[in-house]
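For reference, the structure is listed below as structure tokens.
Any read-out appearing in this document is the output of simple, stated calculations on the displayed coordinates, not a laboratory observation. Computed from a predicted model, the values in this text were never measured in an experiment. Don't worry about glycine lacking a Cβ; one is built from the backbone with ideal geometry, like all the others, and counts go over all protein chains shown.
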Amino acid sequence: MSYEIAQAILTAAFNIVSISGISYVAIAFIISAIRHWQQSAVDADMDSPNPQQVEQIQDDNAPIGRVQTAKPVINDMCQIVPFARSQPKQTIEDYSTWSVAELRLLLNRRGISWRNVHGKGKHMRKAEMLNVLAELDARKTLAA
């Protein structure tokens, strides 16, 4: 009789330990998957700027002196009125409102390295990125 009780207790303990181990592995996997998903979302955000910033970045990367053509418009009297060709704006952008991720993306597009500037894992700071972009914009306006 005592043998059967001891066997039942050991069987119950074994089942509890087995279920706990399987639960631990399942929960660890779920937590790992969630962290990976969140990190990939952060990486995707770093690679693409806000939709409002896309137009500014694309205009900023346009070659200086490039003539943009516009499509003609039909006015109220059904006459075709062509737009005059205009030079792109030569204003200096205020990058201080941009996030670090957007600044890094812009620096990547301009071919400027911002990673590991101060040693391994020590990237360029926002103030340094703003200084570099200000210098580049100043050179652009002088060249124009």
Review point. If packing is taken as the mean number of other Cβ atoms within 10 Å per residue, what is the order of 104-113, 134-143, highest first?
Key: 104-113, 134-143
Check your understanding: All other residues with a Cβ under 11 Å from the Cβ of Arg115 taken together, and with Lys, Arg as +1 and Asp, Glu as -1, what is their net charge?
Key -> +3
